[in-house]
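For reference, the structure is listed below as structure tokens.
Every number in this text was worked out from the coordinates using simple rules, so none of it is lab data. Small disclaimer: the values here were computed from a predicted structure and weren't measured. Don't worry about glycine lacking a Cβ; one is built from the backbone with ideal geometry, like all the others, and counts go over all protein chains shown.
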Amino acid sequence: MSQTSKLFEDWNLNPKMAKAIADKGWKNPTEIQNEAIPVARNGRDVVGQARTGSGKTAAFGIPIIESCESTGMTQAIILCPTRELAVQVAEELSWIQGDQGITIQTVYGGTDVDKQAKLLAKGVDIIVGTPGRVIDMSKRGHINLENITYFCLDEADRMLDMGFFPDVLWIFEQMSSRKQTLLFSATFPQEIIDAAEEFMNDPVYVMSDDLEVDVPEIDQYAVRIGRANKLWVLGRIIANMKDEDQMLIFTNTKRMVDLIEERLGKFGMKAVGLHGDKAQNRREKILDSMRDRRERIVVATDVAARGLDVEGITHVVNYDLPDDTESYVHRIGRTGRMGRQGVAWSLVSKEDIANLDKIANTWNLQIPYVEAPDLPKGIARDPVKKREDWGELTDPFGMVNVSVEVGSEEITKRSLADWIVTEARIPEISIGEIVQKNDSSTVQIHVEKVSYVIDVISKRELNGRNLKPKILEIRVKA
Ligand code: AMP
């Protein structure tokens, strides 16, 4: 994200809010703030394209706070897809308001309903909540959606992904006194555009023309590696981290989160897992420990990491590639925040190649394939040892390509196959296609026999020479 050269000072904001912002050390609005805030202050509905890390919270927070007063009557409601995000938004709004005495209350599931009802009964000015609990509380009579005038949807695309959209639309429909609506999203699937058209009043669209995700500008690399050796590469990336660096590792399942956490621990690299099965307060503690740097490495699923705002993350690792292209952008958006340096690594096994291609094509990204990083100076041993990974080297028929230093000038394909079959005493069917150059040949050998065949022929001679058999890696487009 980039800051503009505009000044908050020049906006003539409510003095208490202006002071809070100045005290926080913010001088220049970010791009999304610069685009959205003036329009929203004029009372217009706004549809904003923004990812986490762009400053979007203040982009809706500033105009909403400016429209509210400390009355104890709920004037605004902000909906977020996750509890974590709701907490973060509420925290940011709380300091932005300065000492105006505006009460901001979070309303999300997993907490005691009665306690929450009591807090609401005391009177709140702004509610920040997740859709399910907001509906629940309004059905129980603790929130009166009909009287609330300002409505904001944060991360609308995440809400859609998580199946919350019917709830969101229900809330829209209840808010009969709605005067202004702000909607923020990183991407714009048709359902969101439809909802904006149906429920919003001639909104101003603050976004890039092509509705594309704002892909963060950070270094992105891919390492072509089999599943068996992903941990080896991860170990090398971790070995190269500086002391102050922090890493977020993504994987697609909760089980893998636990497994990676456990395996890294075993190899002396402390990591903590974050996924939906962990209790809410445990998840919050993990986020806190990331923020105050007690934890360096977190392993998470996409859902658990949604809305996660930790500024210090310098490394994102895609242990697996996500199936959907948008998740990739959300993942890498966790690093390089507020203009900091960030790097995203993708560990690409055979199964991941198609997903990486799709991601690169969808967002027009250059994600070069590179070798696993070298060990840094002073570290002699890999944190995790590299293993033989036959599975990764086979084609769909289970064949592995082996090169030998003898070519068509010396031997025919037939005789070469016969020689291998005789020397290694393997069935003929274990040898597949042979491709020859003048001075070398590539022989396909079945995965079950390849190790043994290489062993045998490296000890034999053909025409008085050793053939120096070598396994060939499967080639990928760079
Ligand atoms: P957000 O996209 O709202 O999650 O914001 C990302 C981070 O940037 C948060 O830590 C904000 O507090 C911070 N931030 C937002 N706007 C500004 C600004 N204009 N100047 C400095 N920091 C900002």
Handout entry: Estimated vicinal HN-Hα couplings, Hz - region 130-139 in sequence order (Karplus 6.51, -1.76, 1.60; Gly, Pro = x)
Key = 9, x, x, 5, 4, 4, 4, 5, 6, 5
Handout entry: With Cα atoms, 0 to 90° folded angle of helix 15-24 axis to the chain main axis
Key = 30
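Restrict the search to region 402-478; then list the trypsin sites (Lys or Arg not before Pro) that DSSP places in a loop and that have at most 16 other Cβ atoms within 10 Å of their Cβ.
Arg425, Lys437, Lys459, Arg460, Arg475, Lys477
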Problem - Simple spin-label estimate for Asp374 and Asp23 in nanometres, 7 Å along Cα-Cβ - result: 5.2
Exercise for the section: Run through the DSSP bridge list for the chain and note the antiparallel percent, rounded to the nearest 5. Expected result: 25
Practice task
Express in nm, to one decimal, how much length is gained between Ser70 and Gln366 on full extension, taking 0.36 nm for each residue of separation and deducting their alpha carbon distance.
Solution key: 101.6 nm
Practice task
For an R0 of 60 angstrom, estimate the FRET efficiency from the Cβ-Cβ distance between Lys459 and Lys270 and round to the nearest 0.05.
Solution key: 0.85
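Starting from the Cα gyration tensor of region 8-206, take the square roots of the eigenvalues, sort them a ≥ b ≥ c, and report rounded, prolate or oblate (rounded when a/c is under 1.5, otherwise prolate if a/b is larger than b/c, else oblate).
Oblate, since a/c reaches 1.5 and b/c is not below a/b.
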Completion exercise
Residue-ordered couplings for region 189-205, obtained by feeding phi - 60° into the Karplus form 6.51 cos²θ - 1.76 cosθ + 1.60 and rounding to whole Hz (Gly and Pro as x), are x, 3, 4, 6, 4, 4, 5, 4, 5, 6, 9, 9, 9, 6, x, 8, 8
Practice task
Output ³J(HN,Hα) for region 357-372: one whole-Hz value per residue in order, computed from phi by the Karplus curve 6.51 cos²θ - 1.76 cosθ + 1.60 with θ = phi - 60°, and x for Gly and Pro.
Solution key: 4, 4, 4, 4, 6, 4, 9, 6, 9, 9, 10, x, 7, 10, 6, 4
Practice task
Go through region 389-478 and name the GluC sites (Glu not before Pro) that are in a DSSP coil and have 13 or fewer other Cβ atoms within 10 Å of their Cβ.
Solution key: Glu409, Glu461, Glu473
Exercise for the section: Work out the charge dipole of the chain with +1 on the Cβ of Lys and Arg and -1 on the Cβ of Asp and Glu about the Cα centre, then indicate which of Cys80, Phe172, Leu234 is farthest towards its positive end. Expected result: Leu234
Exercise for the section: Quick one: which residues, 5 or more positions from Ala372 or on another chain, have an amide H under 5 Å from its amide H? H modelled 1.01 Å from N in the peptide plane, none for Pro or chain starts. Expected result: none
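Starting from the Kirkwood Rh over alpha-carbon pairs, what translational D in µm² s⁻¹ does region 304-454 have by Stokes-Einstein at 4 °C and 1.567 mPa s?
67
Hey, any idea what Rg/Rh is for the chain, computing Rh the Kirkwood way over Cα pairs?
Over the Cα atoms of the chain, Rg/Rh equals 1.11.
Take the alpha carbon gyration tensor of region 218-363, find the square roots of its eigenvalues, order them as a ≥ b ≥ c, and report rounded if a/c is under 1.5; if not, report prolate when a/b exceeds b/c, else oblate.
rounded
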Completion exercise
With label points set 7 Å from each Cα along the Cα-to-Cβ direction at Trp170 and Gln280, the distance between them in nm comes to 1.8
Problem - Label-point separation in nm, Asn144 to Val435, each point 7 Å along Cα→Cβ - result: 7.6
